[in-house]
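Please read the structure below before turning to the comments.
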Amino acid sequence: MTTRFATDVLRRLVAKRVHDPEAIAEAAANRVQAESPFNDKGRTMIIAADHPARGANAVGGNPTAMANRGELLERLCLALDRPGVTGVLATADIIDDLLLLGVLDGKTVIGSMNRTGLAGSSFEIDDRFACYDAEAIERMRFDGGKTLTRICLDDPATPSVLENTAKAINDLADRKLIALVEPFLSVRTDGRIKNDLSPDAVIKSITIAAGLGRSSAYTWLKLPVVDDMERVLASSTLPAVLLGGEVKNPDAAFAAWQRALTQPTVQGLVVGRSLLYPHDGDVAKAVDTAVGLL
């Protein structure tokens, strides 16, 4: 999908970064903020693009699909322009690009906070907060921060992950900003971390994550769609958004999202690769289909 648009965008962004780095802060200060995290249907529809910062660039059989920044930005701009899309979730490098491109007016912006648990690494659970912090999110006039909180009962790094997640929740709540927590109960199999997506495991991750921090007033959960979602979502009263992950069967995924969206805690979707890199290559169609579920 590399086009003249993507090439031109890269040239413009590099020139701006080299000659006018203060333009990023200026764009953030001048950005029109979202009045609400919801669209006119009362739902949130956020496009996620924080995967590359964890070294997770693969989509389907292409291990470097998300590594072409110009193409990724082109897809993001297209997705953000579709009716009903309310915002973006990403790391600073990508959000800075989007600010310079002027495509975040009226959008909810969620900064990704911990990305050091690199995909496939021996230290994957030790996911430290080396990206956005609450102070920067507030200064940039964003709407919240997101944490990936993997709970591995056999990994001694887990307590520090929980402690640092609680600190992020506290720091965001003190500023009345959303703390979007993505919890998983994870296991190490053949040297690799895998998330246990059984209903009971997801329930356990929810009850652990929901209890973190000195206040849950601004905590939202970002949850996978698994079997028995009515029982899974009954484990907490915290607002939840559904994550997409990598989708192999779009029809089945969309049907599962639609069923889960009927539950009272679910506020909408936060989806990345499956909408930005759909099987048929039609980003607009994939995003519009997802928005239609809302």
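If you take the Cα Rg of segment 6-93 and divide it by 2.2 N^0.38 Å, with N the number of residues, what do you get?
Working: Rg = 14.9 Å, N = 88, 2.2 N^0.38 = 12.1 Å.
Expressed relative to 2.2 N^0.38 Å, the Cα Rg reads 1.23.
Can I get the semi-axes of segment 145-294's equivalent ellipsoid? Compute them from the C-alpha gyration tensor as square roots of 5 times the eigenvalues, in angstrom, largest first. Show your work: numbers first, answer last.
On the way: eigenvalues 134, 70, 44 Å².
Sorted largest first and rounded, they come to 26, 19, 15 Å.
Taking amide H as placed 1.01 Å from N in the peptide plane, residue 146 has its amide H under 5 Å from the amide H of 111, 112, 113, 180, each at least 5 places away in sequence or on another chain.
For segment 31-181, rounded, prolate or oblate, judged on the Cα gyration tensor with a ≥ b ≥ c (square roots of eigenvalues), a/c < 1.5 rounded, else prolate if a/b > b/c? Taking the square roots of the gyration eigenvalues as a ≥ b ≥ c, segment 31-181 is oblate.
Could you tell me how many degrees, from 0 to 90 and to the nearest 10, lie between the Cα long axis of helix 4-19 and the main elongation axis, the longest principal axis, of the Cα atoms of the chain? The answer is roughly 90 degrees. Under a model in which nothing but the beta-carbon of Lys, Arg (+1) and Asp, Glu (-1) is charged, the chain shows a dipole of about 160 debye around its Cα centre.
Given in Å, the Rg to one decimal and the Dmax to the nearest whole number for the Cα atoms of the chain are 18.1, 54.
Each of 78, 118, 137 was scored by the projection of its Cα onto the charge dipole of segment 65-154, and the greatest displacement toward the positive side belongs to 78; charges sit on the C-beta of Lys, Arg, Asp and Glu.
Projected onto the charge dipole of segment 189-237 (+1 at Lys/Arg Cβ, -1 at Asp/Glu Cβ, origin at the Cα centre), which of 191, 216, 237 gives the Cα projection farthest towards the positive end? Farthest along the dipole direction, towards plus: 216. The label point for residue 248 and the one for residue 81, both projected 7 Å from the Cα toward the Cβ, are 3.4 nm apart. Here the chain exposes an accessible surface that is 50 percent carbon and sulfur, computed with a 1.4 Å probe and the other protein chains kept in place. Solvent-accessible area per residue in the chain equals 44 Å², computed with a 1.4 angstrom probe and all protein chains kept. Its Cα centre serving as origin, segment 197-288 has a Cβ charge dipole (Lys and Arg +1, Asp and Glu -1) of approximately 380 debye.
Quick check: the angle from helix 199-210's long axis to the longest principal axis of the chain, C-alpha only, nearest 10 degrees? Once rounded, the angle reads 70 degrees. Compute the helix-to-body angle for 92-101: its Cα long axis versus the longest principal axis of the chain, expressed 0 to 90° and rounded to tens. That works out to roughly 40 degrees.
Rg and Dmax over the alpha-carbon atoms of segment 239-294 stand at 10.7, 33 Å. Estimated translational diffusion coefficient (Stokes-Einstein, Kirkwood radius over Cα pairs, 25 °C, 0.890 mPa s) of segment 118-191: 188 µm² per second.
The values are calculated or read from the model by the stated rules, or taken from the named source; none is laboratory data. Keep in mind the model is a prediction, meaning the values are calculated, not measured. Cβ atoms come from the backbone with ideal geometry, glycine included; neighbour counts cover every protein chain shown. Side chains included, ligands, DNA and RNA excluded: accessible areas come from the protein's heavy atoms. Shrake-Rupley method; radii C 1.70, N 1.55, O 1.52, S 1.80 Å.
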